[in-house]
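The values are calculated or read from the model by the stated rules, or taken from the named source; none is laboratory data. Everything quoted here is computed from the prediction, not taken from an experiment. No Cβ is skipped: glycine too gets one built from the backbone with ideal geometry, and neighbour counts run over all protein chains shown. Heads up: the accessible areas ignore ligands, DNA and RNA and are worked out on the full protein's heavy atoms, side chains in. Shrake-Rupley method; radii C 1.70, N 1.55, O 1.52, S 1.80 Å.
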Amino acid sequence: MTLSILWFVLIAVLWTAYLVTEGFDFGVGALLPFVAKNDEERTQAVRTIGPHWDGNEVWLLTAGGATFAAFPEWYATMFSGMYLPLFLILFALIIRISALEWRSKIATVAWRARWDMLHTFTAWLVPILLGVAFANFVQGMKIEVMDVKSGEIIAPNAVADSLATATHQLTGGFFSLLTPFTILGGVAILLVCLAHGAQFLALKTEGDVRERANGIAAPLTVMATLVAAAFLLWGQFVYTTNILAWIPLLVAALAIIASAAFSQKAMRREGVSFTLSTLAIAGAVAWVFASMAPAVQKSSIDPAYSLTIEQASSSASTLQVMTIVALCLVPVVLAYTAWSYWTFRKRVSVSDVDHNTGLLFDKIRLGESFLAG
């Protein structure tokens with residue numbers, strides 16, 4: 001049971017790393033039309049995340065892989081019950097990857113503008129979907145326990161004796177995932193990512209883009225603070241029974257309030273504001289997982305139907321092997337990530353933009369191979 005709890009915490013850490021790093025990636029993409037007024041400035045903004053965004057995606061893959069290996073029933077219940085939202089997230093991420101990778105392949109402004117538009121659209125969509133998903137973890141979903149052979153729903157008082165031949169299933173359907181609370185969660189995550197991205201741009205750019213990013217970060221952080229506070233307090237008072245969840249909630253609340261203060265013109269400290277925003281995201285993720293515990297997926301129908309850490313966990317030997325592998329490899333990943341951010345720590349200016357890359361569209365010959373010369 002100790003290793004199960006450890007891996008529950010580690011998965012929370014992996015999601016924290018993903019939302020912190022991809023949070024400013026999404027924010028940068030979503031703010032492109034507002035902080036950049038021409039092609040050069042859009043390229044300048046995109047270059048701030050250019051060395052990092054694909055490495056940041058590793059945290060999502062690792063979180064999914066760790067969930068599959070450490071808690072297979074959680075993985076199965078979540079991915080079967082939330083198939084459509086997760087498919088939409090995956091599809092949007094594929095479009096976003098294409099936008100980032102392909103925008104420099106053709107040397108025309110129109111080509112880059114089209115991909116930037118798709119980049120912005122997906123950067124708005126994914127945080128909303130992620131916010132709805134995490135809010136469902138806090139609220140609980142219409143999960144019941146079903147007998148595998150007969151397909152009948154097990155009575156709540158008989159769940160403990162039926163788990164050997166039964167499985168947890170989401171029986172509410174797609175639209176049961178959409179409630180006022182989960183929609184508010186989507187808006188909250190979107191605003192936090194927008195504010196986080198604006199702070200990152202202010203920290204990583206020079207010139208007009210930096211000034212616009214600072215100007216946008218000030219009101220955005222205040223909006224994110226208000227909406228996130230409403231979401232966290234609603235979840236804590238209505239859907240959470242774990243008194244310890246107050247600790248990360250207060251950390252998140254104090255951090256995002258302080259981040260909003262240091263984003264304002266009178267107290268502007270870009271680095272401090274961004275660091276506090278990072279702490280706020282970490283606290284919010286910790287609150288989500290604390291509000292779920294001791295379940296990995298809560299049932300809104302009856303607490304007896306909730307899937308607990310113990311029920312979802314892999315065998316002790318599996319968790320032992322995973323722990324050894326994690327102890328060996330995670331420090332390497334952290335060291336590489338820290339090195340990459342340190343290497344590309346300097347600000348990006350418009351003068352760094354180079355459009356002498358990619359093919360000229362009118363020179364492309366369909367059916368020809370570049371290998372042929």
If one builds a Gaussian network model of the chain from Cα atoms under 10 Å apart, the most fluctuating residue listed among ALA70, ALA282, ALA155 is ALA155
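Quick one: with all protein chains in place, what share of the accessible area of the chain is carbon or sulfur, to the nearest percent (1.4 Å probe)?
Working: 12710 of 18000 Å².
After summing per-atom areas, the C and S share lands at 71 percent.
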Alpha carbon Rg of segment 232-323, scaled by the compact-globule rule 2.2 N^0.38 Å:
1.43
Just tell me which aspartates and glutamates come within less than 17 Å, Cα to Cα, of LYS298; anything on the same chain fewer than 8 places away is out.
GLU73, GLU144, GLU310
GNM of the chain, Cα pairs under 10 angstrom: of ILE94, ILE324, ILE301, the biggest fluctuation goes to ILE324
Using the C-alpha atoms of segment 22-166, what convex hull volume per residue, in cubic angstrom, is computed?
129 Å³
With a sphere of radius 15 Å drawn around the Cβ of GLN139, what net charge do the other residues whose Cβ falls strictly inside it have (Lys, Arg +1; Asp, Glu -1)?
+1
Please find, in a Gaussian network model of the chain (springs between Cα atoms separated by less than 10 Å), the residue of TRP339, TRP115, TRP234 whose mean-square fluctuation is greatest.
TRP339
If the chain between LEU84 and TRP124 were fully stretched, how many nm would it gain, using 0.36 nm times the residue separation less the Cα-Cα distance?
12.6 nm
Leaving ligands, DNA and RNA out of it, rank LYS298, LYS105, LYS37 by accessible area with a 1.4 Å probe, largest first.
LYS37, LYS105, LYS298
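Check every DSSP H run in the chain and write down those whose alpha carbon atoms cover 27 angstrom or more along the long axis and whose mean Kyte-Doolittle hydropathy is 0.5 or greater.
2-30, 83-102, 109-139, 180-204, 208-234, 270-292, 316-343
Contact order normalised by length for segment 172-306, with contacts defined as Cα pairs under 8 Å and 6 or more residues apart; what percent is it? Before the final figure, lay out each step's value.
Working: 147 pairs, mean separation 31.2, N = 135.
Over segment 172-306, the number comes to 23 percent.
For segment 22-320, with every protein chain kept in place, what is the accessible area per residue (1.4 Å probe, Å²)? Could you put the intermediate results ahead of the total?
Numbers: 12500 Å² over 299 residues.
Normalised by residue count, the accessible surface of segment 22-320 is 42 Å².
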For ASP354 and THR108 in the same chain, what is the full-extension length gain: residue separation times 0.36 nm, less their Cα-Cα distance, in nm?
87.3 nm
